[in-house]
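Q: Please read through the structure below; I'll follow up with questions.
The values are calculated or read from the model by the stated rules, or taken from the named source; none is laboratory data. Bear in mind that the values here come from a model prediction, so they are computed numbers and not experimental data. Ideal geometry is used to build each Cβ from the backbone, glycine not excepted, and the neighbour counts take in all protein chains shown. Just so you know, the surface numbers come from the protein's heavy atoms only, side chains and all, with ligands and any DNA or RNA stripped out. Shrake-Rupley method; radii C 1.70, N 1.55, O 1.52, S 1.80 Å.
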Amino acid sequence: MRVFEAGMGMDVPSSNPANADLLPGRWGLLQGILGVWAPDVLDSHPALRFARRCFDTAAVYRNWRRDRDPAWAKVGKDRIADWLAATDMKPVNVPPCVNHIARAYLSDLPCEHKQFLDEARRIAVYDVADVKVATVQYTTDDARSAWIKGPYTAPSAASAVMTALGDLVWQAERCSTLQLIYMRNNYGPDTFSLSPLPPSDVYVDATNGMAQLAATTRRCQAFLAAGYSRRVLFYGPPGTGKSSLARTLAEGIGEHRTLRVDPSMVEQMGGDTIVAILDFMCPTVLMLDDMDRTAGSTTALMHALERLDRRMIVVGTVNTLSTLDPALLRPGRFDQVMETKEPDEAWRDAIILHYCKRFGVSYDAGFVLSMDGFSPADIREVLLCISMVGTEYIPVEIDRVRLQRGLFSGNKCGDYLTRTADDRPKPCR
């Protein structure tokens with residue numbers, strides 16, 4: 001998993017050369033010897049521990065004084081600026097969040113370092129798609145971490161470089177299904193993460209399962225092959241398998257790159273930022289789960305997607321349509337709207353058989369009638385618990401899940417999402 005700062009800053013943590021905080025000359029040599037050997041061999045001697053700490057403290061103080069010298073800082077920046085100008089490199093004009101992602105995966109490639117003034121200011125030069133790409137690195141006061149600016153490249157090659165870096169993201173993760181999640185941090189800048197999506201526990205084949213799902217999969221394949229986008233929305237009560245069907249549809253398209261955007265990401269980052277990430281990563285399928293949790297932000301995102309000149313399948317899920325802007329339901333926004341209901345008897349039997357094999361439970365034809373009205377999530381819960389506690393608890397688990405269904409069934413989700421501010425619980429004071 002990679003974590004990136006969600007703010008507008010240029011800060012990306014990076015490792016720094018081991019000798020960046022050494023003193024000059026022979027003092028630096030002695031400091032380096034103590035730093036290598038003292039922790040493992042000589043750290044038991046108090047005098048050596050004291051000497052190493054003195055050297056480290058002196059190096060930190062020297063760097064602190066040096067980095068606060070305006071003349072020193074200006075010389076380093078001017079040399080870097082002169083080198084970038086001489087090589088005709090300019091910053092790539094993309095949003096900061098895209099820069100964060102590009103720099104993180106760019107650092108995985110081999111590079112050539114060009115030093116400017118000292119180890120604390122340097123340029124890393126990479127070869128991306130036969131084009132030179134550079135990043136500028138600066139250290140902090142104690143020279144133990146760094147900030148990176150860039151990437152920089154020739155303006156005529158910026159588009160090709162960003163396309164190659166977008167491909168590099170998928171190659172580095174070695175996964176065709178990734179997810180973006182926003183993470184709020186109370187003790188520092190907010191961040192967002194890019195990580196592989198865990199394997200799905202699907203109970204239906206996208207090409208040979210539900211007739212409607214199979215037809216939709218073939219239709220999406222035809223639209224992609226012809227160079228058109230397609231948007232599909234699944235709606236229905238909780239637990240009816242909307243997310244599983246959406247994931248199955250994405251995987252059934254074939255050669256695909258699927259990016260799932262968490263509702264928190266949609267709410268916090270905004271439509272234009274997410275569209276910039278999509279334009280950089282070029283996924284084939286975009287998954288938007290629980291769109292009713294961020295109805296207003298989702299509307300802005302769907303409007304922003306219309307400006308994205310790229311073929312892509314968008315698959316969304318929602319518990320109730322009443323929480324969405326009705327304009328989203330017209331063809332062109334969501335071209336196909338599919339309802340997911342509780343499975344009928346034949347489909348319930350297929351789901352039960354799948355989870356019996358999945359959890360090692362002996363199949364019983366009586367399961368189909370005893371779980372009448374159960375959703376796929378309910379069936380999974382019952383059979384998982386039975387595999388843990390034993391088959392003698394089948395009636396107990398079925399009754400427990402049936403009672404629990406009353407907590408969220410009916411229109412409770414719609415009432416919750418459409419409640420007014422006066423109906424919402426007040427925070428404790």
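Q: Any idea which of PHE223, GLY254, TYR235 is furthest toward the positive side of the dipole for the stretch 213-268, if Lys and Arg beta-carbons carry +1 and Asp and Glu beta-carbons -1?
A: Comparing the listed Cα positions along the dipole, PHE223 ranks first.
Q: When the C-alpha atoms of the stretch 201-344 are aligned to their principal axes, what extent does each axis show, in angstrom, from largest down?
A: 40, 33, 27
Q: Next up: For the stretch 278-357, what are Rg and Dmax over the alpha carbons, in angstrom?
A: Expressed in Å, the Cα Rg and Dmax of the stretch 278-357 come to 16.0, 46.
Q: Same structure again: Mind checking the full-extension length gain between GLU112 and TYR363? Use 0.36 nm per residue of separation minus the Cα-Cα distance, one decimal, nm.
A: Separation in residues times 0.36 nm, less the Cα-Cα distance, equals 84.2 nm.
Q: Moving on to the next point. What net charge is computed for the residues neighbouring PHE367, neighbours being all others with C-beta under 9 Å from the C-beta of PHE367, Lys and Arg scored +1, Asp and Glu -1?
A: Neighbourhood net charge equals -1.
Q: Residues of the stretch 252-273 with the amide nitrogen closer than 11 Å to a label point 7 Å from the Cα of ASP190, along Cα-to-Cβ, please.
A: 264-270
Q: All other residues with a Cβ under 12 Å from the Cβ of LEU328 taken together, and with Lys, Arg as +1 and Asp, Glu as -1, what is their net charge?
A: Charge balance in the 12 Å sphere: -1.
Q: Give, in nm to one decimal, the length gained when the segment between LYS341 and GLN404 is fully stretched (0.36 nm per residue of separation minus the Cα-Cα distance).
A: 20.9 nm
Q: Quick check: with the 1.4 Å probe, what order do HIS256, HIS303, HIS354 take by accessible area, largest first?
A: From most exposed to least exposed: HIS303, HIS354, HIS256.
Q: What nm value, rounded to one decimal, do you get for the distance between LEU308 and ALA154 when each label is placed 7 Å out toward the C-beta?
A: Each label point is offset 7 Å from its Cα along the Cβ direction, giving 3.1 nm.
Q: Pop the C-beta distance of ASP130 and SER322 into the FRET formula with R0 = 60 Å and round what comes out to the nearest 0.05.
A: 0.65
Q: What FRET efficiency would be calculated for the residue pair ARG330, ALA225, taking the C-beta separation as r and a Förster radius of 22 Å, to the nearest 0.05?
A: Computed FRET efficiency for ARG330 and ALA225: 0.35.
Q: Based on alpha-carbon centroids, what's the gap between the stretch 246-264 and the stretch 304-369 in Å, whole number please?
A: 13 Å
Q: Give me, ordered by chain and number, the residues 5 or more places off THR177 or on other chains with an amide H under 5 Å from its own placed amide H.
A: LEU197, THR258
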